[in-house]
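See structure below.
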């Protein structure tokens, strides 16, 4: 019986020492206490319509909507608030559409669209905080001409979602 009590005490001491060791040596990570990014310095952002420097009409709205939606989804920023502390300037630099797949007769059945986007985060007074250049591509089907234009718009929408997600992830990892 005395041996069992000694084993229990030994295990209890080991457990207490392990808990103390782990609490002392932990990484110090804590949950965000306040809203905002960059140490709480930025709590609101305005997202104006992106500038479209390409010949593809109406694509800037896809990007503006995607960025607004993703910034709202992180839940730590107020988006499009009057008198926001910062604003995003997005420029759609280029779009390239090239054939990517052919059928056995040499007819294009799939194309790939690639987009380059510059994003800059500015303070309210116009001082640059940080600039990003992001690029992404997506393939889409063109074998049915009735759906080719729709498929292209969907591919552009997919690209805008992915770029917005990458941007949001980058500002979260940097704050």
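Inclusion of residue 135 among residues that are more than 18 Å from residue 48 (Cβ to Cβ), within 15 Å of the chain's Cα centre (by Cα) and at pLDDT 90 or above is warranted.
With the checklist (1) at pLDDT 80 or above; (2) over 15 Å from residue 120 (Cα atoms); (3) exposed (fewer than 12 other Cβ atoms within 10 Å of the Cβ) in hand, flag the one item residue 49 doesn't pass. Against the list (1) at pLDDT 80 or above; (2) over 15 Å from residue 120 (Cα atoms); (3) exposed (fewer than 12 other Cβ atoms within 10 Å of the Cβ), residue 49 comes up short only on (2).
Matching residues to (1) within 23 Å of residue 46 (Cβ to Cβ); (2) at pLDDT 95 or above:
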residue	(1), (2)
84	yes, no
91	yes, yes
99	no, no
118	yes, yes
124	yes, no
146	no, no
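Please pick out the residue among 128, 102, 145, 92 that is closer than 20 Å to residue 57 by Cα and more than 18 Å from the chain's Cα centre (by Cα). 145 is the lone residue from the list that is closer than 20 Å to residue 57 by Cα and more than 18 Å from the chain's Cα centre (by Cα). One residue stands out among those in region 59-76 that are in contact with a strand residue (DSSP E or B) (Cβ under 8 Å, 6 or more places away or on another chain) and assigned to a helix (DSSP H, G or I): the one that is surrounded by the fewest Cβ atoms within 10 Å (Cβ to Cβ), which is 72.
The values are calculated or read from the model by the stated rules, or taken from the named source; none is laboratory data. Computed from a prediction, not measured in an experiment: that's the story for all the values here. No Cβ is skipped: glycine too gets one built from the backbone with ideal geometry, and neighbour counts run over all protein chains shown.
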